[in-house]
Ligand SMILES: [Cu+2]
């Protein structure tokens, strides 16, 4: 009887172990990559790219934290994944219509975090070279007036299933 109970127990524990284990082995799709890119007083986090088909437009999003007592300015973004890369802002066109347009630069105030997010500022990827599919990764170079270049990588994520 005792042996049987022990066997049942071992089987149960094994099952629990493997079911827990398979959870942690699941690919981290649909989550923002927890990567941080830091240089000087500038930290880039929450990088992600919206999926896009070759020849079409999509966008790149991220947060910038400036821990300096001085403002810094994002002056350009460069990447080989699109024919044209621009810094964009979203604005109200009137009649409840939203539009977007390119801006020369974006000032990141001192001691603050600035979010590049959908319906706000973003980096526009115009005429994507290859399909950008979920879980693909791409490199983007962000150029700041004071801090210089910060090379980051971003994952392609489906916005609809994002956790935040
Ligand atoms: Cu845009």
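For the peptides 100-112, 116-128, 81-93, what is the packing order when you average, over each peptide's residues, the other Cβ atoms within 10 Å and list the highest mean first?
The densest-packed peptide leads the list: 116-128, 81-93, 100-112.
Whole angstrom only: what separates the Cα centroid of the stretch 59-109 from the Cα centroid of the stretch 128-155?
13 Å
Ignoring solvent entirely, what values of log10 I(q)/I(0) come out of the Debye formula for the stretch 37-159 at 0.18 Å⁻¹ when each Cα is a single scatterer?
-0.92
Each value in this text was obtained by applying a stated rule to the coordinates, not by laboratory testing. All values reported here derive from a predicted model rather than from experimental measurement. FYI the Cβ positions are ideal-geometry reconstructions off the backbone, even for glycines, and counts take in every protein chain you see.
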